[in-house]
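Input: a single structure, listed below in structure tokens.
The values are calculated or read from the model by the stated rules, or taken from the named source; none is laboratory data. Note that the structure is predicted; figures quoted are calculated from it, not measured. Reconstructed Cβ throughout: ideal geometry from the backbone, glycine too, with neighbour counts over all protein chains shown.
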Amino acid sequence: MSGVPILEVIDLHAAYGRIEVLRGVNLRVPKGAVVALLGPNGAGKSTLLKVISGQMEQTSGDIHMAGVHVTGAKPDDLAQLGLTTIPEGRSVFPNLTVEENLLLMSYAGVSADQVFETAYAYFPRLHERRYQLAGTLSGGEQQMLALARALTSDPALLLLDELSMGLAPLIVEELYDTVGRIAATGVSILVVEQFAQTALKIADHAAVMTGGRVVATGEPNEIEAIMADIVLGGAA
């Protein structure tokens, strides 16, 4: 993990009212790497992504993106630095067609042709469904559309929150195969996932959160070996 990381979180604290949810989180995402962030429900994983992406304020601590101090930056500013988030749940416009959802991304300055080319190259099924309302797609197809929209912004760092939620295992495998292909193009990815084994297959590094802290980091096989002990220990 040498060199300036794409993301570095240092002693980060955050709270909902008086309840502290992040209690001194330290985390690094090296440039061009996939880091799987694992842990049980209530560990603080989604809250961490909200703070990193500027959707929630921290109470203390620092965040650096590619060496730039971005603590307290707004989501729009972070987007300009190359940060793209796919939040938990399907982040698509249900009353617009697939093509209209994608076309919205062209307002960020990317040509419509380029947007469509990127989306359909990764997800041929979206091309078949291009005139269909996004709200009528299956859960897996909606997640594909959310991923496709994120990719058209040419992200430097992609934050994925529970990509697998509510989806059949086969669809989850397919989505993660695509995430692996995205990573191979040099995009750095921080993926929050409850299904540890699925995320670990494509990860270069892994971290485990319990009780609002990162309690272990290491290679995927190391983390997989100790995952059950950490989670059960943290839940006890």
### Message
So ALA183 passes all but one of these: (1) under 25 Å from LEU83 (Cβ atoms); (2) of a type in the set (A, V, I, L, M, F, W, C); (3) in contact (Cβ under 8 Å) with a residue 40 or more places away in the chain; (4) touching a helix residue (DSSP H, G or I) at 6+ places or on another chain (Cβ under 6 Å). Which condition number does it fail?
### Response
(4)
### Task
Look at GLU173 and say whether it is among the charged types (D, E, K, R), farther than 21 Å from PRO87 by Cα, surrounded by fewer than 21 Cβ atoms within 10 Å (Cβ to Cβ) and modelled with pLDDT of 90 or more.
no
### Task
Of all residues in region 73-96, count the ones that are assigned to a loop (DSSP other than H, G, I, E, B), surrounded by 17 or more Cβ atoms within 10 Å (Cβ to Cβ) and modelled with pLDDT of 90 or more.
3
### Query
Residues in region 128-139: is at least one more than 15 Å from the chain's Cα centre (by Cα), in the same structural domain as ASN41 (by TED's automatic domain parsing) and in a helix (DSSP H, G or I)?
no
## Note on the structure
Taking region 34-51 and the residues there that are in contact with a helix residue (DSSP H, G or I) (Cβ under 8 Å, 6 or more places away or on another chain) and hydrophobic (A, V, I, L, M, F, W, C), the one that is nearest to VAL187 (Cα to Cα) would be VAL34
### Task
Run GLU99 past the list (1) among the charged types (D, E, K, R); (2) modelled with pLDDT under 95; (3) closer than 14 Å to ARG149 by Cα and report the number of the one that doesn't hold.
(2)
### Query
On the given criteria, is VAL208 within 13 Å of the chain's Cα centre (by Cα) and at pLDDT 90 or above?
no
### Task
Run ASP161 past the list (1) surrounded by 21 or more Cβ atoms within 10 Å (Cβ to Cβ); (2) over 23 Å from LYS50 (Cα atoms) and report the number of the one that doesn't hold.
(2)
### Query
Going by the conditions given, is VAL98 more than 29 Å from GLN194 (Cα to Cα) and of a type in the set (A, V, I, L, M, F, W, C)?
no
### Query
Just wondering, is there one or more residues in region 97-115 that are surrounded by fewer than 22 Cβ atoms within 10 Å (Cβ to Cβ), assigned to a helix (DSSP H, G or I) and hydroxyl-bearing (Ser, Thr, Tyr)?
yes
